[in-house]
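Everything below concerns the one structure shown next.
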Amino acid sequence: MAQPMLDHPTLPRVKAAFSDVRFLATEFRGQTTLVVPKDQLHQVLRFLRDDPECDYNFLSDVTGVDYLGYPAKQPGRFAVVYLLVSHARGRRLTVKTYLDPTIDTSGIDPDPALEVDSATDIWPGAEWREREVYDMFGIRFRNHPDLRRILTWKDYPAHPLRKDYPLRGRGERETYRIVERDQA
Amino acid sequence: MGIETALPAEGFLTTQLQRVINWSRRSAVWPMPFATACCGIELMATATSRFDLARFGAEVFRFSPRQADLLIVAGRVAVKMLPVLQRIYLQMTEPKWVISMGACASTGGVFDTYAVVQGVDQFIPVDVYVPGCPPRPEQLIEGIMAIQRIIDRDNIPYDDQGKRIPLQIAIQPNYQPRRQPMEVSIGAT
């Protein structure tokens, strides 16, 4: 397997600006991923947008990953992924941060370890994307203006894209009010 | 339709009132399309001139449940969509009938996941199931004609139950698929 080519021009710029932070980076087929510790994520994202050499003015997507059962060892169970685009420089960069849960992941109880700072103050478009990550993975975003579920309904008792959640659910699709013929 | 020649000169015809009511109801079914997926496209095709649902008196699609008497559930229904479907059903005026169109509305289809209802008949009454993924327009017409047969019998005294219960009729496929692969011909077809 070819070695990753860490020649993305943003990487030395970020390393110079945050000399005391330990970054990891990977590259696959020309797409570079920068792995940031979760406490520095918000500062790094703000730097990537505001620095004139980086100039990532567009947030393409925010997603989550659950690495439970992943064949290769990963630095954490969950990851939050920010996909950035710079229209002025014609570049893309993936910024990722890993999170490890401290409590049982089958419920919906808030886990202080599954929290990162929201990027809605940097890119307002992050609002619905982060709501989706919260809905599907239960990763909470601090200072998010409206952190509600976006795809599943309000009282949904789980975060369904977690790998320990069964595909067919735990009976949520069967338990609902039944309208009979003589009610109408 | 030829009945005029059989009538006497005075133009009177003796029948039951209930049969006249049923005849007028089944000749003017107003469907409410609850189209959530690709079955809705086939539902629209059924209303076009090629298949011409108007031949059976059911072409007046009403997007208000209060003006419709036939609910056609076309497509998969997520649990988040279920209160909408139930409310639309409750808002429809009596008498009303329900067609579950396609594999997803009837059984959940290939969407065997946590958020998709595995058959809307678990949560609302269904009269006719039309199979297919999606069903051909002919098959949907067959389903609507089954509803019309139900309406024809409705309230004609043939049992002691006063209240109509969902009949749960499943339409059988009404066409033969062509044998594949087909012979290749060149020139005029």
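The modelled label-to-label distance between B:Gln91 and A:Tyr176, using points 7 Å beyond Cα along the C-beta direction, is 1.7 nm.
When both the stretch A:105-142 and the stretch A:1-45 are represented by their alpha-carbon centers, they are found 22 Å apart. Global size of chain B: 19.2, 66 Å for Rg and Dmax (C-alpha atoms, Rg to one decimal, Dmax whole). Mean partner shielding of peptide B:78-91, defined as the number of other chain Cβ atoms within 10 Å of each residue Cβ, is 3. Under the convention that each Lys and Arg Cβ holds +1 and each Asp and Glu Cβ holds -1, the size of the dipole of the stretch A:1-103 around its Cα centre is about 140 debye.
The Rg/Rh ratio of chain A, with both radii computed over alpha carbons and Rh defined as the Kirkwood radius, is 1.05. Full extension of the chain between A:Arg91 and A:Asp104 yields a length gain of 0.8 nm, computed as 0.36 nm times the residue separation minus the alpha carbon distance. Lys-Lys pairs in the stretch A:10-183 that are eight or more residues apart or on separate chains and whose Cα atoms lie under 23 Å of each other come to 9. Residues A:Asp121, A:Asp146 in ascending order of nearby Cβ atoms (within 10 Å, fewest first): A:Asp146, A:Asp121. Rounded to the nearest 20, the size of the Cβ-charge dipole of the stretch A:10-183 about its Cα centre is 520 debye, with Lys and Arg at +1 and Asp and Glu at -1.
Close amide H partners of A:Asp117, meaning residues 5 or more places away or on another chain with modelled amide H under 5 Å apart, are A:His42, A:Arg142. As a check on your grasp of the helix formula, calculate [θ] at 222 nm for chain A: sum -39500 (n - 2.57) over DSSP H runs of n ≥ 4, divide by the residue count, round to the nearest 500. The helix contribution divided over chain A gives -5000 deg cm²/dmol. Candidates B:Leu43, B:Val79, B:Gly102 compared by Cα position along the dipole of the stretch B:31-170: farthest toward the positive end lies B:Val79, with charges placed on Cβ. Going from the fewest other Cβ atoms within 10 Å to the most, the residues B:Asp127, B:Asp152 appear in the order B:Asp152, B:Asp127. So if we plug the beta-carbon distance of A:Asn57 and B:Met44 into 1/(1 + (r/R0)^6) with R0 = 45 Å, what FRET efficiency do we get, rounded to 0.05? E between A:Asn57 and B:Met44, to the nearest 0.05, is 0.60. For the protein assembly as shown, pairs of C-alpha atoms spaced more than 41 angstrom apart make up 40 percent of the total.
Listed by Cβ neighbour count within 10 Å, with the fewest neighbours leading, B:Leu140, B:Leu71, A:Leu68, B:Leu17 appear as B:Leu17, A:Leu68, B:Leu71, B:Leu140. Remark: the Cα gyration tensor places the stretch B:32-139 in the oblate category, a/c being 1.5 or greater and a/b not exceeding b/c. Look at the stretch A:161-173: the mean tally of other chain Cβ atoms within 10 Å of its residues' Cβ atoms is 3. Secondary-structure-derived ellipticity at 222 nm for chain B, considering helices only, amounts to -8500 deg cm²/dmol, per-run term -39500 (n - 2.57) for DSSP H runs with n ≥ 4.
Values quoted throughout were computed directly from the atomic coordinates according to the rules given, and no laboratory measurement underlies them. Note that the coordinates shown come from a computational prediction; the quantities given were computed from them, not determined experimentally. Don't worry about glycine lacking a Cβ; one is built from the backbone with ideal geometry, like all the others, and counts go over all protein chains shown.
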